[in-house]
1. Does segment 324-353 hold any residues that are assigned to a strand (DSSP E or B) and among the charged types (D, E, K, R), and which are they?
2. Can you work out which of the residues in segment 99-122 that are polar (S, T, N, Q) and surrounded by 23 or more Cβ atoms within 10 Å (Cβ to Cβ) is farthest from ligand 1 (Cβ to nearest atom)?
3. What residue, of 191, 240, is in a helix (DSSP H, G or I), modelled with pLDDT under 95 and under 30 Å from residue 252 (Cα atoms)?
4. Out of the residues in segment 245-267 that are in a helix (DSSP H, G or I) and either of a type in the set (D, E, K, R) or outside the structural domain of residue 323 (by the TED database) (or both), state the one that is surrounded by the most Cβ atoms within 10 Å (Cβ to Cβ).
5. One residue is enough: does segment 492-506 have a residue meeting the conditions surrounded by fewer than 17 Cβ atoms within 10 Å (Cβ to Cβ), modelled with pLDDT of 70 or more and part of a loop (DSSP other than H, G, I, E, B)?
6. I'm told residue 451 meets every condition in (1) assigned to a helix (DSSP H, G or I); (2) among the polar types (S, T, N, Q); (3) modelled with pLDDT under 95 except one. Can you identify the failing condition by its number?
7. Please indicate, with yes or no, whether at least one residue in segment 356-377 is modelled with pLDDT under 95, part of a loop (DSSP other than H, G, I, E, B) and more than 16 Å from ligand 1 (Cβ to nearest atom).
8. Consider segment 324-356. How many of its residues are within 16 Å of ligand 2 (Cβ to nearest atom), crowded, with 24+ Cβ neighbours inside 10 Å and of a type outside the set (S, T, N, Q)?
Amino acid sequence: MAKGTVIYDTLSSSSNEEREEFINNRSRPIRRNPLFYLAFTVIISLFVGCIILLHYSFNVEPKRNVIMMISDGFGPASETYSRLYYQWSKNLPVDYETPLDSILVGASRTRSNSSMITDSAAGATAISCIMKTYNNAIGVDSDEVPCGTVLEAAKANGLLTGLVVTSRITHATPASFSSHVVHRNLEHLIAEQQIGITCRPDEKDLIQQAQKGGFGYIQSRKEFDNLRTDSSFPLLGLFALDHMDYDIDRDPVAQPSLSEMTQKALDLLSKSTEKSDKGFFLMVEGSRIDMAAHENDPVGHLHEILAYQDTVATVKKYVDANPGTVMISVSDHETGGFTVGRQVTTSYPKYIWYPEVISKCKKSSFALGQMLFTYDKEDRREFASGMVKEQLGITDATKEELDFLGNKHGASDYAHHLSEMVSVRAELGWTTHGHTGVDVNLYAYGADSHQLAGNHENTEIGRFIRNYLSLDLDSITASLKKNTPQTRGDEGTMKKLHMRGIDVHGDYLP
Ligand SMILES: *[C@@H]1O[C@H](CO)[C@@H](O)[C@H](O)[C@H]1NC(C)=O
Ligand SMILES: [Zn+2]
């Protein structure tokens, strides 16, 4: 990939100290020593996802744009949940339709090559490479061979390309469109490929390298707001040290929303393609819908979905104004085995769930779990009791619930516990902290979108994009064979993956 990538950037709502530390860390050269990989991994985890825009030359063809939206971990029940909640909270008529409801065209099957339950890497690669592969695979086929992606092929055809996400930009979904590695955890290699710098000196300050390589780089809300629509590409924007904050926890002064980032990307891409007959391919991901569902947190989950629905509305407006554009929205898989309704006692359940319980919550369980974890005074139990009242509106916490919160646990144990306290009161159900294998809703709007009607394998979505943009993925795959990117970590890194119980081809070893 290449010189030509633009990624927006920013640091997050983190404190100034953290920012300074981050900046210092970034400018400090890292030497190859036994800690090399560890240190480098830390640096890469400082990348935060936002926007990558790639630029290339133009030629003559009718102008077509594709906006591929991915709602990570958003199953059919999550759509019902967000609709019912929104309708209830805004007192809307019962036939209210969300921005997604009105463009439903079918369903997508999500299984991967290695399992009936996919992960996000195989789920995104199914679309990007039009190919079922093993769980954990990033832009490689089931034999670990790099496969050309629709983004790369679009770029090779002279289209502009971009990625807008709320996770780290090196996370599975954006990585599967823009890099090729045998395992999703090799984020340090993913970052190198995304930035397109292959010959580097030993110190690996990738952001500095990217800037030297021609990238514009932004890292604050202010720079984001002031960014000119005619800014040149490539452009890198990173707005947080890790993933961006959950929308419910987000400080709008520090971090833009998914919808704002998407609007900005559309403005920039439109401006740059204005005088050309070539359009663009933009991938937009609501990355953290999935993460909140992994935590079984109905509050974080809801607000990520509402932020995604806002983004869908933004994109639909763009499609209306730009007839050559098609947008597709699909999930890579369902997460949490989430459902609307739950039996919470031994007696036969009432047919009801309680949106008011959710409406009282002010923060994600993740944020509250962090607060409890870092609380270092003696009266943790009292602190927890006050916290669940103020932040979650729970005034009837049981002795067992507070006993748990009063003891020392890991941050994610607290988060899971708080999630359960809310879910059980709202009578919302979860079957797993992982993914499930149910079909997910498929949405599309704009040019040729009717072609996606019906029940499809996820690979058919990639095929639709390929056909719509007349892309040649095979020639990309062929050139990747000649000029193969580094798809594996060095021996030490691969061994570390293994030591953590991770098998390249099958998630976790027994
Ligand atoms: C997975 O891929 C291999 C190699 O291409 C193929 O032989 C196998 O049938 C595939 N399995 C599934 C379940 O798709
Ligand atoms: Zn997930």
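1. Scanning segment 324-353 gives a single hit, 334.
2. In this case the residue turns out to be 120.
3. Unique residue meeting the criteria: 191.
4. Of everything passing the filter in segment 245-267, 264 is surrounded by the most Cβ atoms within 10 Å (Cβ to Cβ).
5. No, segment 492-506 contains no residue that is surrounded by fewer than 17 Cβ atoms within 10 Å (Cβ to Cβ), modelled with pLDDT of 70 or more and part of a loop (DSSP other than H, G, I, E, B).
6. (3)
7. Yes, the conditions are met somewhere in segment 356-377.
8. Adding up the residues that qualify gives 6.
The values are calculated or read from the model by the stated rules, or taken from the named source; none is laboratory data. Owing to the predicted nature of the structure, the values given are computational and were not obtained by experimental measurement. Virtual Cβ from ideal backbone geometry, glycine too; neighbours counted across all protein chains shown.
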